[in-house]
Structures are given as structure tokens and as C-alpha cells.
Amino acid sequence: MPYDRDHIVLEAETVTNISSHDYPHQFPGDDRGFGVEAFRNKFNVKVWRVSREEMEFDLVGLDASLSNAFRRILLADVPTMAIEKVFMHYNTGVVQDEVLSQRLGLIPINADPTKFVSKSADDPLTELNTIVFKLDVECTHNKEAAKDETDPNKLYKNSSVYSGHLKWVPQHGQAETFADRPIKPVLDDILLAKLRPGQRITCELHCEKSSGRDHAKYSPVATASYRLLPVIDIKQEITGDMALKLQKCFPSGVVDIIEKNGQKTAKVVNARKDTMSREVLRHKEFQGLVELKRKRDHFIFKIESTGAVPPAVLFAQSVKHMMDKCELVLKAVSELSVDTTA
Amino acid sequence: MNAPDFYEMFTLPEGVKKVAVHRDAKQLDTATIEIQKEDHTLGNLISKKLLKDNRVTFSGYKFPHPLEHKILIRVQTTEEITPVVAVHDAIGGLISELQDIAGKFKVRLISSPMSILETTTRTLPIMHGGVFLYKLVTGENQINIFCLLT
């Protein structure tokens with residue numbers, strides 16, 4: 001059997017053929033050297049789902065190093081705005097200042113990060129590097145509540161502090177700049193603290209721009225991940241009860257039973273849905289009949305945004321970011337080659 | 001308290017060059033390229049790209065210490081080119097790949113039917129992150145989404 005360069009093979013106990021052989025000098029007569037034209041012909045994108053929060057798309061025909069670079073950049077390099085400084089005036093609730101501040105920091109802020117610049121420690125505050133929020137919540141008795149009421153939400157007013165309580169305080173020109181999309185938390189129902197009558201939280205919050213490298217709260221994604229496309233190879237026709245059993249080894253929709261020559265025959269219809277549980281490899285009767293593989297250069301990418309920036313935009317930004325990085329290094333390397341020749 | 005400043009991760013100190021070359025004293029066809037303020041993201045990428053070059057015989061990288069924000073890429077080449085030229089070509093190739101990826105992503109996003117877009121842009125267009133994102137309504141409720149890199 002010729003050596004399979006394009007697939008990773010899943011066996012019952014191990015995963016084999018992991019390392020990429022997509023390089024020159026690996027197999028006689030097979031070049032696979034780098035060529036931009038070859039990449040262009042091979043590379044393809046398919047978008048499966050897009051929404052404001054989530055996106056799933058396929059990147060086909062690229063190396064894992066590139067795919068992983070995008071993932072890393074999405075997690076740690078694409079900047080967003082997040083609460084960085086909390087000026088606590090009153091906090092008489094049970095949630096301590098530092099715990100409350102930590103919770104506030106993690107709130108995703110719906111503001112376009114490209115409209116801001118990041119602020120270093122000694123920079124003065126301007127409308128370009130800071131967003132100001134005010135939080136002022138006091139819990140009181142609800143006089144209209146029924147006498148025998150036990151639900152704190154009805155018994156008291158403001159017994160729960162939510163992200164929706166944050167009030168944006170526009171600075172200088174911010175009100176006009178963001179008139180079409182006022183700055184606010186992405187979600188209004190994130191519970192921050194609970195209060196009881198007489199307790200109060202009053203603070204001023206400053207948001208700054210930074211990236212996930214600094215603190216995870218700046219990461220624009222809840223997660224960004226990829227997996228390789230599953231491939232299920234049925235080597236020999238599987239019919240009758242065996243076919244039904246095979247179908248049960250996979251999640252629904254992966255294997256279908258079709259009528260072929262008057263016999264029930266198993267057919268893989270959507271390997272993409274498979275979770276690669278390897279259940280099929282546990283059954284002796286399928287030994288040698290079914291092979292589980294993953295396609296080495298087919299990445300199923302999933303981006304889950306925190307909601308501040310749409311995922312499609314995030315990916316575009318990550319490619320841009322990568323390009324900027326490369327151009328910076330390319331410039332430095334070009335200067336280097338001039339030096340060495342001189 | 002004695003934590004290193006966050007900006008040390010990506011700002012180049014004055015007088016320090018982004019890229020430096022250390023030639024191997026014993027092997028003339030080998031050099032170590034030191035790139036400041038970069039990590040696995042670029043290190044792995046460049047070293048893997050170098051391997052695809054027919055004229056490169058060895059390439060590997062290391063990120064020597066988590067608090068030293070630099071990478072070392074070791075490159076050995078055949079007589080045809082020098083390691084510096086190999087790195088130059090690899091990054092040049094990477095940039096054209098990235099342009100292709102950005103281009104194709106944009107095209108596929110435009111052509112993805114609106115039925116798979118659950119809740120998208122409410123106002124049109126939305127300027128977001130240097131990218132215009134807006135939906136376009138054409139005949140028979142065919143709606144497309146546009147994403148333009150600026």
C-alpha cells in the first residue's frame with residue numbers, strides 16, 4: 001500500500017502518521033516544494049455558518065503552522081477594550097473590592113477597538129485611549145412587595161447588580177463618534193454582585209485597549225479552535241445487520257443505509273459530523289473493514305467571539321495582523337542582507 | 001511587584017535591531033537568525049515555511065525562555081543561497097499566501113447565503129475593526145454579506 005501522505009490515521013490505541021511530510025526531499029519523485037502558484041490553486045475557504053457571535057468555516061490546503069498562527073493571533077494578539085481601572089467610592093456589599101474589580105474586568109465591552117489607541121502607564125487620559133463607565137447601584141426595600149414575599153428580587157430593589165447597570169460617560173467627542181453605536185457592555189444580564197437593603201456600590205471604571213497577551217479579559221474570542229476533517233474509509237462493502245451496527249457506531253447523520261443490489265449497505269454520507277469517538281474500532285467484526293483518518297490539510301475552524309467584534313471581522317483582522325508581523329520582519333531581514341553584502 | 005512590564009513583550013527597546021544574524025563558526029552554510037519580540041506564532045511558521053524550500057537542508061526554531069521575548073531560527077542551506085536569503089524568501093512567500101487567504105475568505109463570505117446567517121448586522125453598513133461589514137439585499141430576498149478589508 002502506498003504511504004498515505006495526506007491523512008492522519010486513528011487506531012484503537014494510538015494516532016499514527018502524525019508528522020507532516022509536505023516537504024521536499026521526503027519521497028523520491030515527489031517534489032512538494034513551496035510555490036505561491038501551487039498554494040493558490042490548492043487553497044480554498046468555505047464558510048458554513050456566520051453570525052454576530054459565532055462562525056464556522058473550512059480552510060483547505062494550508063499547513064498546520066499557518067492555521068495555528070491564526071488561532072494564536074485570535075486568542076492573544078487581536079486587541080479589544082476592557083475595564084482596566086476601577087475607582088471604588090463605595091462598596092458596602094459582601095463582594096470584596098478586588099473580587100468585584102476582577103469580575104468587572106471580564107465584562108465584554110461593545111466598542112470598536114480600532115477607534116482607540118492603547119495607553120501606556122504614563123500617557124495622559126484622552127478620549128482616544130479611555131472609555132469611562134459609572135456604576136452606582138443601591139439596594140432598597142421594595143415597598144410594593146407583598147407581605148409574605150420571599151423572593152429577594154421582588155422584596156428588594158436592585159438586589160442584583162448586572163452589567164446593564166454600567167452607565168457610559170462619553171468623554172469629549174466620544175458621544176458624536178459613537179452616536180450610531182453607543183458604547184455599552186455586550187450583554188446586559190451579566191450578574192456582578194448581589195446586594196441587600198442599605199448596601200451600595202459606587203465606582204468609576206476606565207476601559208483601556210490591549211490584547212490577550214496582557215490579560216485574558218482582552219481576548220476578543222471566547223475560544224477559537226480548529227479540528228481536522230474526519231475521513232471514514234469503508235474498505236469493503238458492509239451489508240445487512242452489520243451495516244446497521246456500523247451506523248450505530250457513529251453519531252446520527254454520519255452513516256446512512258442505502259439499498260444496493262437489493263441489500264442494505266452502509267454508506268458514509270457526512271463524515272464531518274463524526275466526533276472521532278473510535279467506537280467502531282472496539283468491535284472485532286469491523287477490524288480491517290473500516291479505517292478512521294483525518295485529512296491533514298483540511299481545517300474546520302470555529303471562532304466564538306465574545307460579541308464585541310463579529311467573528312468574520314476577527315479572522316480578517318488576524319490575517320492582517322499576521323501580514324503586518326511578516327512585513328515587519330521582512331523589512332528587518334532586507335536591511336540585514338544589504339549589510340552583509342556591503 | 002517585580003513583574004516585567006507588559007510592553008516589554010512587543011516593544012523593541014531603543015538601539016536593538018529586530019533581526020540579527022549569528023553565523024555558525026564551524027558550518028559556513030548555517031546561521032541562526034534572532035528575531036526580537038516574536039514567539040511561537042511566527043517562529044513555527046517561518047521554520048516550517050523554510051523546510052518547504054528546496055534549497056534549505058535544515059530549519060528549526062526555539063523560543064529560549066518565556067521571559068525573553070525572542071526566537072532563534074537555525075537555518076542550513078545548500079550552496080545556492082545564504083540562510084538570510086532563504087528567510088527573506090520564506091517570509092515573502094508567506095505574505096503572498098496571506099494575501100490569498102484574505103482574498104478568498106472575503107469572496108467566500110460574500111457568497112455565503114444569508115440563510116446561514118442567524119442574526120447579523122442590524123444597521124448598514126457597520127464599520128468594524130477597519131473592516132466594513134454590511135448586508136446587501138438583491139432580488140427575491142437574496143441577501144449577501146459583504147466584508148471589505150480597508
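The values are calculated or read from the model by the stated rules, or taken from the named source; none is laboratory data. Just so it is clear, the model here is predicted, and its values are computed rather than measured. When we count neighbours, we look across all protein chains shown, and the Cβ atoms used for this are built from the backbone with ideal geometry, even at glycine. For the accessible areas, the whole protein counts, side chains as well, though only heavy atoms, and no ligand, DNA or RNA atoms are used. Shrake-Rupley method; radii C 1.70, N 1.55, O 1.52, S 1.80 Å.
Computed quantities for the displayed model
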item: Breaking point among (1) without any contact (Cβ under 8 Å) to a residue 40 or more places away in the chain; (2) in contact with a helix residue (DSSP H, G or I) (Cβ under 6 Å, 6 or more places away or on another chain), for A:Ala69; result: (1)
item: Failed item in (1) in the same structural domain as A:Ser67 (by TED's automatic domain parsing); (2) in contact with an Asp or Glu (Cβ under 9 Å, 6 or more places away or on another chain), with A:Lys264 passing the rest; result: (1)
item: All strands (runs of 3 or more DSSP E) inside segment A:241-312 with 2 or more residues being over 30 Å from A:Ala69 (Cα atoms) and open to solvent by 40 Å² or more (accessible area, probe 1.4 Å); result: A:255-260, A:263-268
item: Residue within segment A:320-332 that is open to solvent by less than 30 Å² (accessible area, probe 1.4 Å) and more than 30 Å from A:Pro113 (Cα to Cα) present; result: no
item: Filtered residue count, segment A:6-22, keeping only those that are part of a loop (DSSP other than H, G, I, E, B) and either surrounded by fewer than 13 Cβ atoms within 10 Å (Cβ to Cβ) or touching a residue at least 24 places away in the same chain (Cβ under 8 Å) (or both); result: 9
item: Segment A:209-232 - residue that is open to solvent by 50 Å² or more (accessible area, probe 1.4 Å) and charged (D, E, K, R) and, of those, modelled with the highest pLDDT; result: A:Arg227
item: Within segment A:132-189, considering residues that are of a type in the set (Asp, Glu) and closer than 30 Å to A:Pro310 by Cβ, the one surrounded by the most Cβ atoms within 10 Å (Cβ to Cβ); result: A:Asp188
item: Residue satisfying condition, being within 9 Å of chain A (Cβ to nearest Cβ), in contact with a strand residue (DSSP E or B) (Cβ under 9 Å, 6 or more places away or on another chain) and not in a helix (DSSP H, G or I), within set B:Val75, B:Val87, B:Val21; result: B:Val21
item: Flag if B:Ile145 is modelled with pLDDT under 95 and facing chain A (nearest Cβ under 10 Å); result: yes
item: Selection count, segment B:2-39, where residues are more than 23 Å from the chain's Cα centre (by Cα), under 24 Å from A:Ala76 (Cβ atoms) and free of Cβ contacts under 8 Å to residues at least 12 places away in the same chain; result: 3
item: Residues being outside any loop (DSSP other than H, G, I, E, B) and among the hydrophobic types (A, V, I, L, M, F, W, C) - total across segment B:1-18; result: 2
